[in-house]
1. Just to check your reading of the model, which residue among PRO72, PRO35 is within 30 Å of THR192 (Cα to Cα) and modelled with pLDDT of 90 or more?
2. Of all residues in segment 8-22 being β-branched (Val, Ile, Thr) and over 14 Å from VAL42 (Cα atoms), which is most open to solvent (accessible area, probe 1.4 Å)?
3. Working carefully through the options ALA176, ALA169, find the one that is farther than 24 Å from ARG75 by Cα, modelled with pLDDT of 95 or more, touching a Cys at 6+ places or on another chain (Cβ under 8 Å) and not in a loop (DSSP other than H, G, I, E, B).
4. Testing ALA130 on (1) touching a residue at least 40 places away in the same chain (Cβ under 8 Å); (2) outside any loop (DSSP other than H, G, I, E, B), one condition comes back false. Which one is that?
5. Let me confirm something: among LYS168, LYS174, which residue is surrounded by 13 or more Cβ atoms within 10 Å (Cβ to Cβ), touching a strand residue (DSSP E or B) at 6+ places or on another chain (Cβ under 6 Å) and among the charged types (D, E, K, R)?
6. Of all residues in segment 50-104, how many are open to solvent by 40 Å² or more (accessible area, probe 1.4 Å), under 25 Å from LEU156 (Cα atoms) and touching a residue at least 60 places away in the same chain (Cβ under 8 Å)?
7. Output yes when any residue across segment 142-161 is surrounded by 13 or more Cβ atoms within 10 Å (Cβ to Cβ), among the hydroxyl-bearing types (Ser, Thr, Tyr), under 17 Å from CYS225 (Cα atoms) and touching a strand residue (DSSP E or B) at 6+ places or on another chain (Cβ under 8 Å), and no when none is.
8. Hey, does segment 25-44 have a residue that's touching a strand residue (DSSP E or B) at 6+ places or on another chain (Cβ under 6 Å) and open to solvent by 40 Å² or more (accessible area, probe 1.4 Å)?
Amino acid sequence: MNQNIKPTGQLKIAPVTPDFAAVASGVDLAKPLAPELVDEIVRAIDKYAVLIFHGQPLSPEQLVVLGEQFGPLDRGLQQKLLNQLQTRIGNDAVSDISNLDTAGKIAPPEHAQTAMNVGNRCWHTDSSYAHNPFRYSILSAVTAASWGGQTEFADLRAAYDDLDARTKALIADKVAVFFSHFTRQRMGIIDTPDALSAYPPVRWPMVRTHPGSGRKVIWCDSKVCEIEGMTV
């Protein structure tokens, strides 16, 4: 990232806390972004981790165009697993995080979409189970719930900073094994062998350095089924 790029003057930032989460404005995300504006948004994400853009409804097509300006999009999850469950949106780059089934009706409690939503409530980092973790996740609210249903975020940089010295030493060289279906297995959901093999378990260091901010991150979420060298 070229730190000498001057701000465009378009992007306005209102921090929610000093270094985590900020409300961003002054940018129309439905239009192509100039390269220097993309760089400015990246630098803001590096600092605050979560940027909130209010009042910018995007179609699936506009959402895809926006994402492609920040790098190649991951279509693997939709193609390998979710197309068997949700095809309402019809775009492999966009997942349908809702309580609706393919026909657009509210999914009943026994529906696979409902089970997936319950699993999503467990704290997780998107694609932690994949061999190429995502750089960003982009959420676009189509219909907001009238009560409850808030999306929550945790700053794993601050979480690492808050650990005591003994715990930091304990996990410094530990490796965690992430498995895509571990949360579902804990819930008692039985998946097909093909689904279970879609994303084989992967190994990731529990402590990583975020390249954008240079801060250390603790990486251990609900997909972790094992920490190497430790008992369950």
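1. On the way: PRO35 fails: within 30 Å of THR192 (Cα to Cα).
Sole residue among the options that is within 30 Å of THR192 (Cα to Cα) and modelled with pLDDT of 90 or more: PRO72.
2. If we take residues in segment 8-22 being β-branched (Val, Ile, Thr) and over 14 Å from VAL42 (Cα atoms), then VAL16 is most open to solvent (accessible area, probe 1.4 Å).
3. Numbers: ALA169 fails: touching a Cys at 6+ places or on another chain (Cβ under 8 Å).
Step by step, each of ALA176, ALA169 is checked, and only ALA176 is farther than 24 Å from ARG75 by Cα, modelled with pLDDT of 95 or more, touching a Cys at 6+ places or on another chain (Cβ under 8 Å) and not in a loop (DSSP other than H, G, I, E, B).
4. Among (1) touching a residue at least 40 places away in the same chain (Cβ under 8 Å); (2) outside any loop (DSSP other than H, G, I, E, B), ALA130 violates only (2).
5. Result: LYS174 is the single residue among LYS168, LYS174 that is surrounded by 13 or more Cβ atoms within 10 Å (Cβ to Cβ), touching a strand residue (DSSP E or B) at 6+ places or on another chain (Cβ under 6 Å) and among the charged types (D, E, K, R).
6. Of the residues in segment 50-104, 1 are open to solvent by 40 Å² or more (accessible area, probe 1.4 Å), under 25 Å from LEU156 (Cα atoms) and touching a residue at least 60 places away in the same chain (Cβ under 8 Å).
7. Within segment 142-161, none of the residues are surrounded by 13 or more Cβ atoms within 10 Å (Cβ to Cβ), among the hydroxyl-bearing types (Ser, Thr, Tyr), under 17 Å from CYS225 (Cα atoms) and touching a strand residue (DSSP E or B) at 6+ places or on another chain (Cβ under 8 Å).
8. yes
The values are calculated or read from the model by the stated rules, or taken from the named source; none is laboratory data. Just so you know, these numbers come straight off a predicted model, no measurement behind them. When we count neighbours, we look across all protein chains shown, and the Cβ atoms used for this are built from the backbone with ideal geometry, even at glycine. Protein only, heavy atoms only, side chains kept; ligands, DNA and RNA dropped before computing areas. Shrake-Rupley method; radii C 1.70, N 1.55, O 1.52, S 1.80 Å.
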